[in-house]
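The values are calculated or read from the model by the stated rules, or taken from the named source; none is laboratory data. Everything numeric in this text was worked out from a predicted model, so none of it was measured. Positions of Cβ are generated from backbone atoms using ideal geometry, with glycine treated the same way; all protein chains shown enter the neighbour counts.
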Amino acid sequence: MPLQLLPDPDPALATLARALDQARASSYPLTFAVSRIADSDPDAALALDALAAQVGYQGLGVHWIEVPRRIAAKLLRHLIGGELAYPAEVVPDEQAAALSANFLGLFPEGTRYFTNGAISGDCAIYDRTGNEVLGWRSLSAAPFDNGVIAFGGGRVGLLWAEDAP
(Lines give C-alpha, C1' and ligand atoms only; values in the text may rest on other atoms or scores of the structure.)
Protein backbone atom coordinates (compact mmCIF):
# COMPACT_ATOMS: atom_id res chain seq x y z
CA MET A 1 0.00 0.00 0.00
CA PRO A 2 1.45 3.42 -0.92
CA LEU A 3 2.36 5.81 1.83
CA GLN A 4 -0.38 8.35 2.56
CA LEU A 5 0.59 12.01 2.50
CA LEU A 6 -1.65 14.66 4.01
CA PRO A 7 -1.92 18.40 3.31
CA ASP A 8 0.16 20.57 5.61
CA PRO A 9 -1.77 23.71 6.66
CA ASP A 10 1.27 25.57 8.04
CA PRO A 11 1.00 29.21 6.78
CA ALA A 12 4.81 29.38 6.62
CA LEU A 13 4.63 27.13 3.55
CA ALA A 14 2.57 29.61 1.51
CA THR A 15 4.85 32.45 2.64
CA LEU A 16 7.97 30.58 1.53
CA ALA A 17 6.36 29.55 -1.78
CA ARG A 18 5.58 33.20 -2.56
CA ALA A 19 9.08 34.31 -1.59
CA LEU A 20 10.66 31.66 -3.81
CA ASP A 21 8.44 32.57 -6.77
CA GLN A 22 9.20 36.30 -6.37
CA ALA A 23 12.93 35.74 -6.00
CA ARG A 24 13.12 33.49 -9.06
CA ALA A 25 10.74 35.52 -11.26
CA SER A 26 13.47 36.13 -13.86
CA SER A 27 14.19 32.41 -14.36
CA TYR A 28 12.47 29.04 -14.22
CA PRO A 29 10.40 28.38 -11.08
CA LEU A 30 11.35 25.85 -8.46
CA THR A 31 9.03 23.04 -7.40
CA PHE A 32 8.26 23.38 -3.70
CA ALA A 33 6.02 21.00 -1.77
CA VAL A 34 5.62 19.90 1.83
CA SER A 35 3.23 17.25 3.14
CA ARG A 36 2.45 15.66 6.46
CA ILE A 37 3.04 11.92 6.70
CA ALA A 38 0.07 9.86 7.91
CA ASP A 39 2.17 6.85 8.98
CA SER A 40 3.87 7.23 12.38
CA ASP A 41 7.05 5.36 11.35
CA PRO A 42 7.43 5.41 7.56
CA ASP A 43 10.35 4.17 5.54
CA ALA A 44 12.31 7.20 4.28
CA ALA A 45 12.49 6.04 0.64
CA LEU A 46 8.73 5.43 0.57
CA ALA A 47 8.06 8.93 1.89
CA LEU A 48 10.46 10.53 -0.60
CA ASP A 49 9.00 8.58 -3.51
CA ALA A 50 5.44 9.43 -2.43
CA LEU A 51 6.17 13.17 -2.42
CA ALA A 52 8.06 12.96 -5.72
CA ALA A 53 5.04 11.21 -7.29
CA GLN A 54 2.66 13.78 -5.77
CA VAL A 55 4.41 16.57 -7.72
CA GLY A 56 4.71 14.56 -10.94
CA TYR A 57 8.22 13.17 -10.60
CA GLN A 58 9.43 9.59 -10.45
CA GLY A 59 10.89 8.33 -7.21
CA LEU A 60 14.35 6.86 -6.83
CA GLY A 61 13.70 4.16 -4.22
CA VAL A 62 17.03 2.91 -2.91
CA HIS A 63 18.95 5.37 -5.12
CA TRP A 64 18.24 8.49 -3.05
CA ILE A 65 21.51 9.91 -1.75
CA GLU A 66 21.44 10.98 1.88
CA VAL A 67 23.46 14.10 2.61
CA PRO A 68 24.25 15.97 5.83
CA ARG A 69 22.29 19.13 6.61
CA ARG A 70 25.24 21.39 5.73
CA ILE A 71 25.39 19.87 2.24
CA ALA A 72 21.61 20.18 1.87
CA ALA A 73 21.96 23.88 2.77
CA LYS A 74 24.75 24.35 0.23
CA LEU A 75 22.74 22.61 -2.48
CA LEU A 76 19.58 24.61 -1.71
CA ARG A 77 21.51 27.87 -1.81
CA HIS A 78 22.94 26.91 -5.19
CA LEU A 79 19.54 25.85 -6.59
CA ILE A 80 17.76 28.97 -5.39
CA GLY A 81 20.54 31.33 -6.41
CA GLY A 82 21.38 30.09 -9.88
CA GLU A 83 20.58 27.86 -12.79
CA LEU A 84 21.55 24.24 -13.34
CA ALA A 85 22.62 24.42 -16.98
CA TYR A 86 24.46 27.76 -16.91
CA PRO A 87 26.59 29.54 -14.30
CA ALA A 88 24.19 32.47 -13.93
CA GLU A 89 23.18 34.22 -10.72
CA VAL A 90 19.40 34.57 -10.53
CA VAL A 91 19.05 35.45 -6.84
CA PRO A 92 21.71 37.32 -4.84
CA ASP A 93 23.67 34.97 -2.58
CA GLU A 94 22.49 36.54 0.68
CA GLN A 95 18.83 36.19 -0.35
CA ALA A 96 19.38 32.61 -1.59
CA ALA A 97 20.98 31.75 1.76
CA ALA A 98 18.00 33.22 3.66
CA LEU A 99 15.48 31.30 1.54
CA SER A 100 17.51 28.12 2.00
CA ALA A 101 17.48 28.67 5.77
CA ASN A 102 13.70 29.20 5.64
CA PHE A 103 13.24 25.83 3.93
CA LEU A 104 15.54 24.06 6.40
CA GLY A 105 13.77 25.83 9.28
CA LEU A 106 10.57 23.95 8.43
CA PHE A 107 12.18 20.77 9.75
CA PRO A 108 13.41 19.90 13.27
CA GLU A 109 16.81 18.72 14.39
CA GLY A 110 17.33 15.11 13.35
CA THR A 111 15.74 15.58 9.93
CA ARG A 112 17.32 13.56 7.14
CA TYR A 113 18.12 15.16 3.78
CA PHE A 114 18.33 13.51 0.37
CA THR A 115 19.16 14.42 -3.21
CA ASN A 116 19.42 12.74 -6.59
CA GLY A 117 23.09 13.58 -7.09
CA ALA A 118 25.37 16.38 -8.24
CA ILE A 119 24.76 18.45 -11.36
CA SER A 120 27.23 21.33 -11.12
CA GLY A 121 30.94 21.18 -10.40
CA ASP A 122 30.58 24.51 -8.59
CA CYS A 123 28.50 22.76 -5.93
CA ALA A 124 30.24 19.57 -4.83
CA ILE A 125 27.99 17.12 -3.00
CA TYR A 126 29.14 14.69 -0.32
CA ASP A 127 27.04 11.89 1.14
CA ARG A 128 26.64 11.09 4.86
CA THR A 129 29.84 9.02 4.84
CA GLY A 130 31.92 11.82 3.29
CA ASN A 131 32.16 10.40 -0.23
CA GLU A 132 31.87 12.83 -3.13
CA VAL A 133 28.79 12.28 -5.25
CA LEU A 134 29.34 12.36 -9.01
CA GLY A 135 26.48 12.39 -11.50
CA TRP A 136 22.75 12.20 -10.86
CA ARG A 137 19.58 10.24 -11.53
CA SER A 138 16.77 12.31 -13.04
CA LEU A 139 13.37 12.55 -11.43
CA SER A 140 11.85 14.43 -14.36
CA ALA A 141 11.95 14.49 -18.15
CA ALA A 142 14.11 17.65 -18.10
CA PRO A 143 17.75 17.33 -19.21
CA PHE A 144 18.83 18.56 -15.75
CA ASP A 145 17.03 18.28 -12.45
CA ASN A 146 18.35 18.50 -8.93
CA GLY A 147 17.08 19.31 -5.49
CA VAL A 148 16.68 18.40 -1.86
CA ILE A 149 14.03 16.37 -0.07
CA ALA A 150 13.80 16.66 3.71
CA PHE A 151 12.30 13.90 5.85
CA GLY A 152 11.63 14.53 9.52
CA GLY A 153 9.23 15.81 12.14
CA GLY A 154 6.28 14.05 10.54
CA ARG A 155 6.86 15.95 7.30
CA VAL A 156 8.43 15.38 3.93
CA GLY A 157 9.40 18.44 1.89
CA LEU A 158 10.91 19.01 -1.51
CA LEU A 159 12.61 21.92 -3.24
CA TRP A 160 13.49 20.97 -6.80
CA ALA A 161 14.82 22.58 -9.98
CA GLU A 162 14.42 21.49 -13.59
CA ASP A 163 16.48 23.17 -16.28
CA ALA A 164 17.27 22.70 -19.94
CA PRO A 165 20.47 23.76 -21.68
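A quick yes/no check of all residues on (1) of a type in the set (D, E, K, R); (2) within 17 Å of residue 111 (Cα to Cα); (3) loosely packed, with under 15 Cβ neighbours inside 10 Å:
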position: 6; (1), (2), (3): no, no, yes
position: 36; (1), (2), (3): yes, yes, no
position: 45; (1), (2), (3): no, yes, no
position: 51; (1), (2), (3): no, yes, no
position: 59; (1), (2), (3): no, no, no
position: 64; (1), (2), (3): no, yes, no
position: 79; (1), (2), (3): no, no, no
position: 85; (1), (2), (3): no, no, no
position: 88; (1), (2), (3): no, no, yes
Across segment 93-123, which residue is modelled with the highest pLDDT among those that are of a type in the set (S, T, N, Q) and assigned to a loop (DSSP other than H, G, I, E, B)? 111
All positions within segment 22-36 that are under 19 Å from residue 85 (Cα atoms) and of a type outside the set (Gly, Ala, Ser): 24, 28, 29, 30, 31
Is at least one residue of segment 145-165 surrounded by 18 or more Cβ atoms within 10 Å (Cβ to Cβ), assigned to a loop (DSSP other than H, G, I, E, B) and modelled with pLDDT of 95 or more? no
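The rows are residues; the columns are (1) at pLDDT 95 or above; (2) out of contact with any Gly (no Cβ under 8 Å at 6 or more places or on another chain); (3) not in a loop (DSSP other than H, G, I, E, B).
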position	(1), (2), (3)
1	no, yes, no
9	yes, yes, no
36	yes, no, yes
41	no, yes, no
51	yes, no, yes
62	no, yes, yes
71	no, yes, yes
